[in-house]
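Notes follow the structure.
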Amino acid sequence: MPNHSGQRGLTRPKAQWYERGGGARRLVHDKALIAASYPNLSYQKAADGQMLLVGELNIEVNCGIITKVPIRIEFSADYPSSEPCAYDIGDQFEHIPDRHFFNAAGLCCLWLYPDSRWQPDDLSGLANFLTEVAVFFHRQLIYDVTRVWPGPARSHGAKGYQEFMCEMLGGDEKLMHSLAPVFADVSTVGPQSPCPCGSGRLYGICHHSKVREIERRVGKQFLVASFLPIVDEMVVRDNPVLGRLLLSVISLRMNTSAKPHD
Amino acid sequence: MSWNINTSRARVEEYIQNMGDIYIEPLDREANLDSLLTPTNCRDIYGAHVYAQVSNFACLASSLTDEDEYKRMIQALHIYQREVARIVESNAIFDGFRVHFQGSKLHALFYRPIRNPRAIATRAVLLQLVLKDFVTNVFNPAFSIDDFKIAGGTDIGNAIGTSNGIKGDRELLFIGSPANYAAKIVSDDWKMRLTERVYAELPADLQNLCFECGEGIYQLIGLHLIALNDLLDKYGIGWSREDSASRIESDKASSPLSIIKFSSADTLIRLDDLSIHNSKRVEAASVFADVSGFTRYIDHAERDGRVTDALKVFHVIRRELATVIKVDFDGIRIQYQGDRVQGLLHLPKDDQSSIALKAVRMAAAMQSSMGIIKQSLWGIQELTLAVGVDFGTTLVSKLGQHAYRDRICLGEPVEMAARNEEKCEGNQIGIGSAVYDALPKQVQAPFTYSRSVQCYVATDLDAYKLGLIEDAIAYDHQKGVYVQPGAILKINSEEVPNAQPFRPARPYAP
């Protein structure tokens with residue numbers, strides 16, 4: 001099942017999450033939470049056993065006008081380890097990337113996956129998630145009026161991931177570019193090698209741990225995909241022959257190393 | 001304090017429920033209009049409506065900085081209004097009816113002798129000639145602070161007289177084309193104008209003083225004193241320059257500069273407290289809201305025999321717009337001017353940005369209220385609201401005759417706000433650059449400069465849209481919003497009780 005950034009969750013186990021001990025208790029807790037805070041939403045079970053939360057958000061803006069937004073929340077097979085997904089199931093908003101919809105079905109891209117605020121053990125996690133969804137639709141209402149997304153948003157596509165990684169590197173875009181071949185997996189750098197950042201220090205004591213942390217948060221597949229355009233630009237600009245060779249290697253790796261993100 | 005759809009809807013329903021039946025009868029005998037007319041007891045009055053404006057006052061009220069000069073301007077305005085009111089209303093002079101002053105613009109009505117178009121038109125036109133002569137040859141020599149000039153307009157026909165119905169604060173309102181059109185033909189080139197309908201009723205000697213200056217519009221030529229006096233004698237108008245000059249000197253003696261006081265205002269101005277002894281000079285936003293197409297709507301209603309319904313609509317709109325000004329935005333409802341409402345916002349003191357934003361919010365709220373009224377009353381889909389706004393130095397006072405002191409709200413921003421409203425079409429809000437420049441850029445966005453209107457114009461901007469635009473500011477500044485979950489999920493950029501602050505994540509898209 002795709003999450004907000006389009007990645008895939010774990011293979012669904014045979015027993016549904018809500019049939020297991022911890023999951024069952026979480027469902028009871030979440031149901032009470034929903035009844036108190038979002039009484040217009042109700043739990044439903046899909047034909048395949050997937051748990052859904054379906055209903056309307058009645059969003060009232062400051063002048064008292066209420067907009068009804070029909071939504072569907074899909075719970076991942078390993079909920080609450082993985083976050084739920086929110087769908088706009090009405091026809092008020094055009095499901096386009098500029099409105100931060102993942103697809104025509106209305107999957108809401110609430111955040112870039114590594115930015116996720118989801119905390120599996122947080123018992124108010126679902127309420128917080130729904131507040132995020134409500135505010136996402138409040139911003140849709142603003143977009144209707146201004147045609148501009150209100151407030152900060154990640155750039156679309158690979159650039160969104162690059163922004164995240166640049167922030168992880170303290171906003172140093174030059175550093176990010178110097179590490180791009182490592183991120184894109186076209187350059188293997190050992191801990192005892194000089195760090196690609198050009199500091200003169202060993203990679204193992206310079207940026208190795210930061211690169212590993214970024215890999216862990218973003219996932220290797222998305223890291224490679226995100227940095228492919230940068231490496232592409234760099235090598236094609238500097239050495240077209242080598243560039244074409246490297247790109248074919250990257251392409252081959254991309255196709256063979258794509259694994260579900262954990 | 002802001003506009004809310006539920007509150008507005010409840011108010012409109014209450015106005016409709018509590019209005020009572022409206023009666024409109026022809027005015028067929030002389031009566032005291034001040035006591036006769038109420039919101040439900042109305043009269044169909046055949047008469048000539050005269051508007052006469054000395055626009056120098058507005059300019060002076062905004063530009064004079066010297067305290068003594070400002071006092072002299074207030075004194076001049078006070079005495080001008082007193083004398084003009086006497087000229088209009090004195091039995092020995094014109095025996096007309098002074099409706100009110102709109103700033104320095106006189107609105108007078110001639111309806112006596114009843115159903116005597118020629119006598120009524122004659123008096124209306126002669127009043128214009130007298131006022132022109134008075135300003136040029138009596139008032140200007142008496143007050144050397146400026147070269148005052150006057151422009152005017154007159155139309156004749158049937159208009160419905162009614163009132164706002166507020167005890168102690170009664171304002172008479174005239175709805176219909178002559179009251180509307182007479183004001184529209186007042187030019188800014190210091191001419192006295194009349195409509196073809198007035199011209200057609202004039203005796204030949206007065207017709208000879210007119211020439212056609214536009215389609216259906218005539219202009220009066222200037223007259224030498226001897227010719228004017230001959231006409232006044234002929235038609236029994238007992239005015240003379242000497243008498244006016246004498247009364248002005250007497251007024252000067254009774255209203256010396258030493259008693260004239262003005263100040264700024266830290267708290268909401270109470271109009272009843274104002275007088276020549278206590279005027280206010282404030283940095284304020286003026287707002288005019290006018291129902292576009294109302295005169296045409298009334299004309300159609302008369303044709304279809306449903307004028308009382310139309311008048312009900314008028315009173316509902318009038319009351320709701322005034323309530324938006326007073327209650328929703330803590331402003332001052334200065335005046336009703338026919339189907340137009342004038343409001344003023346002057347707090348927080350000298351805070352141009354806050355006042356400008358509040359004025360735009362109020363304008364948008366008026367548009368929303370108009371939408372509510374259109375949902376609540378049948379057959380008024382054609383009616384729309386045009387709103388004009390501007391900001392600057394404004395004089396607020398109550399001046400003129402002791403028993404009938406008029407609310408005065410005077411200044412260039414007042415004139416510009418009125419002009420912006422007049423130039424805008426229905427569903428539009430026109431704002432001057434002083435307002436536009438003081439707005440946050442997100443609120444500026446729906447406004448575009450219109451060369452034809454010569455101000456910034458937003459179309460279809462209402463309280464809902466403006467509220468969301470302001471919420472966008474909170475997101476853009478990364479301040480977040482306040483969220484109150486529940487069956488109704490309240491999301492607001494301003495802090496509200498029981499709501500939790502929430503800063504959303506940055507969304508993404510593939």
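Annotations for the structure displayed:
- Candidates B:Ser254, B:Ser263, filtered to the one that is small (Gly, Ala, Ser), farther than 30 Å from B:Leu383 by Cβ and touching a strand residue (DSSP E or B) at 6+ places or on another chain (Cβ under 8 Å): B:Ser263
- Qualifying positions in the stretch B:431-469 - part of a loop (DSSP other than H, G, I, E, B), touching a Ser or Thr at 6+ places or on another chain (Cβ under 9 Å), within 12 Å of chain A (Cβ to nearest Cβ) and over 12 Å from B:Arg361 (Cα atoms): B:Ala445, B:Pro446
- If the condition is being among the acidic types (Asp, Glu) and either more than 43 Å from the chain's Cα centre (by Cα) or more than 9 Å from every other protein chain (Cβ to nearest Cβ) (or both), then the stretch B:493-510 contributes only B:Glu495.
- Leading residue by the ranking (surrounded by the most Cβ atoms within 10 Å (Cβ to Cβ)) among those in the stretch B:38-59 that are in a strand (DSSP E or B) and of a type in the set (S, T, N, Q): B:Gln53
- Of the residues screened, A:Lys210 is one that is of a type outside the set (Gly, Ala, Ser), over 30 Å from A:Asn103 (Cβ atoms), more than 14 Å from chain B (Cβ to nearest Cβ) and in contact (Cβ under 8 Å) with a residue 40 or more places away in the chain.
- Filtered by the rule that a residue be among the hydrophobic types (A, V, I, L, M, F, W, C), out of contact with any Asp or Glu (no Cβ under 6 Å at 6 or more places or on another chain), within 14 Å of chain B (Cβ to nearest Cβ) and not in a loop (DSSP other than H, G, I, E, B), the stretch A:54-70 gives A:Leu57, A:Ile59, A:Val69.
- For the stretch A:104-123, the count of residues that are surrounded by fewer than 17 Cβ atoms within 10 Å (Cβ to Cβ) and either β-branched (Val, Ile, Thr) or part of a strand (DSSP E or B) (or both) is zero.
- Some residue of the stretch B:126-136 being modelled with pLDDT of 95 or more and in contact with a His (Cβ under 6 Å, 6 or more places away or on another chain): no
- Residues of the stretch A:12-46 satisfying the condition of being of a type in the set (Asp, Glu) and touching a residue at least 12 places away in the same chain (Cβ under 8 Å): A:Asp30
- Filtering A:Phe129, A:Phe101 for residues that are of a type in the set (Phe, Trp, Tyr), under 30 Å from B:Thr448 (Cβ atoms) and within 13 Å of another protein chain (Cβ to nearest Cβ) leaves a single hit, A:Phe101.
- Positions within the stretch B:179-197 being closer than 21 Å to B:Tyr46 by Cα and either over 16 Å from the mean Cα position of the chain (by Cα) or of a type in the set (Asp, Glu) (or both), in sequence order: B:Arg193, B:Leu194, B:Thr195, B:Glu196, B:Arg197
- Selection of the stretch B:419-430 for residues being assigned to a helix (DSSP H, G or I) and under 22 Å from B:Gly371 (Cα atoms) yields B:Asn420, B:Glu421, B:Glu422, B:Lys423.
- Considered as a group, the residues in the stretch B:160-193 that are of a type in the set (Gly, Ala, Ser) and assigned to a loop (DSSP other than H, G, I, E, B) include one that is modelled with the highest pLDDT, and that residue is B:Gly176.
- Screening the stretch B:475-492 for residues that are at the interface with chain A (Cβ under 8 Å from one of its Cβ atoms) and touching a residue at least 12 places away in the same chain (Cβ under 8 Å) and picking the one that is surrounded by the most Cβ atoms within 10 Å (Cβ to Cβ) gives B:Val481.
- Scanning the stretch A:132-158 for residues that are touching a residue at least 12 places away in the same chain (Cβ under 8 Å) and more than 7 Å from chain B (Cβ to nearest Cβ) returns A:Val133, A:Phe137, A:Gln140, A:Tyr143, A:Asp144, A:Trp149, A:Ala158.
- Among the residues of the stretch B:458-492, those that are of a type in the set (Asp, Glu) and under 33 Å from the mean Cα position of the chain (by Cα) comprise B:Asp460, B:Asp462, B:Glu470, B:Asp471.
- When the residues of the stretch B:98-119 are filtered to those that are among the hydrophobic types (A, V, I, L, M, F, W, C) and surrounded by 23 or more Cβ atoms within 10 Å (Cβ to Cβ), the one that is nearest to B:Ser275 (Cα to Cα) is B:Phe101.
- Being over 30 Å from A:Gly90 (Cα atoms) and at the interface with chain B (Cβ under 10 Å from one of its Cβ atoms) is a property that A:Phe164 has.
- Residues that are within 27 Å of the chain's Cα centre (by Cα), surrounded by fewer than 20 Cβ atoms within 10 Å (Cβ to Cβ) and within 14 Å of chain B (Cβ to nearest Cβ), drawn from the stretch A:14-39: A:Leu33, A:Ser37
Matching residues to (1) surrounded by 11 or more Cβ atoms within 10 Å (Cβ to Cβ); (2) over 26 Å from B:Phe134 (Cα atoms); (3) within 29 Å of the chain's Cα centre (by Cα):
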site: B:Arg241; (1), (2), (3): yes, no, no
site: B:Lys252; (1), (2), (3): yes, no, yes
site: B:Ile259; (1), (2), (3): yes, no, yes
site: B:Phe262; (1), (2), (3): yes, yes, yes
site: B:Ser275; (1), (2), (3): yes, no, yes
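- Selection status of A:Ile89, within 13 Å of chain B (Cβ to nearest Cβ) and either over 22 Å from B:Ile491 (Cβ atoms) or touching a strand residue (DSSP E or B) at 6+ places or on another chain (Cβ under 7 Å) (or both): no
- The condition (being out of contact with any strand residue (DSSP E or B) (no Cβ under 9 Å at 6 or more places or on another chain) and crowded, with 21+ Cβ neighbours inside 10 Å) is satisfied by just one residue among A:Pro84, A:Pro80, A:Pro97: A:Pro80.
- Which numbered condition B:Ser2 fails, given (1) more than 14 Å from chain A (Cβ to nearest Cβ); (2) part of a loop (DSSP other than H, G, I, E, B): (1)
- Within the stretch B:131-160, the set of residues being among the β-branched types (Val, Ile, Thr) and buried (at least 18 other Cβ atoms within 10 Å of the Cβ) comprises B:Val135, B:Val138, B:Ile150, B:Thr154, B:Ile156, B:Ile160.
The values are calculated or read from the model by the stated rules, or taken from the named source; none is laboratory data. Every value quoted in this text rests on a predicted model; they were computed, and no experiment measured them. Reconstructed Cβ throughout: ideal geometry from the backbone, glycine too, with neighbour counts over all protein chains shown.
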